[in-house]
Amino acid sequence: MAADLPEYYFRVRENGAAVFRVDTENRQRRIEMDQIAVLNIRNGDIKPQGDRQLSEEDLEVIRRWMAQRRDLLAARDMDDIHRAIDHMNLTTQWAQSRATDTQLEDVTDDLLLAMHDLRSVLVRKKADRLTQGDN
């Protein structure tokens, strides 16, 4: 089992991760995890834990994980947007075919405001892209 474990473990947190070095080479033959750093995905900060010095290998592994994590989160964001489009279509079908007057009264204002807000942002961003293309 020890041979199957990675050398580093990343405990995902809200904006990054806590980084641990995994050690199975001890007398008790137990898995020990020594926290070596905390990282922030958004701003790229890597903070060594305590007064530890990170090796170039540590930093390389951490930077590679951060890049992979950013890619994964970006893919999830796009998947969430595509799912939102599906939900909007399902909501339209629900409103047209199954919703009661009471249900519609409960959600109509919130939906209209959210859609208006989204439309305003999308139109502004589209106009920005079109004017940038003219330059």
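Tabulated results
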quantity: Residue within the range 33-48 that is among the acidic types (D, E), outside the structural domain of L122 (by TED's automatic domain parsing), assigned to a loop (DSSP other than H, G, I, E, B) and without any contact (Cβ under 8 Å) to a residue 40 or more places away in the chain present; calculated: yes
quantity: Selection count, the range 12-31, where residues are out of contact with any Leu (no Cβ under 9 Å at 6 or more places or on another chain) and either modelled with pLDDT under 90 or crowded, with 16+ Cβ neighbours inside 10 Å (or both); calculated: 9
quantity: Where A74 falls short, out of the listed (1) closer than 25 Å to R13 by Cβ; (2) surrounded by fewer than 10 Cβ atoms within 10 Å (Cβ to Cβ); calculated: (2)
quantity: Odd one out for L112, checked against (1) in a helix (DSSP H, G or I); (2) in contact with a Pro (Cβ under 9 Å, 6 or more places away or on another chain); calculated: (2)
quantity: Exclusive hit being assigned by TED's automatic domain parsing to the domain that holds R69, of a type in the set (K, R) and farther than 20 Å from R69 by Cα, set R21, R27; calculated: R27
quantity: Scan of the range 6-32 for residues that are among the β-branched types (V, I, T) and either within 16 Å of L54 (Cβ to Cβ) or part of a loop (DSSP other than H, G, I, E, B) (or both), ordered by number; calculated: V19, V22, T24, I31
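Here is a yes/no grid of residues against (1) of a type outside the set (A, V, I, L, M, F, W, C); (2) in contact with a strand residue (DSSP E or B) (Cβ under 9 Å, 6 or more places away or on another chain):
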| position | (1), (2) |
| --- | --- |
| R69 | yes, yes |
| A84 | no, no |
| M88 | no, no |
| T92 | yes, no |
| A95 | no, no |
| T102 | yes, no |
| A114 | no, no |
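The values are calculated or read from the model by the stated rules, or taken from the named source; none is laboratory data. Treat the numbers as computed from the prediction; the structure is a model and nothing was measured. Backbone-built Cβ (ideal geometry, glycine too); neighbour counts: all protein chains shown.
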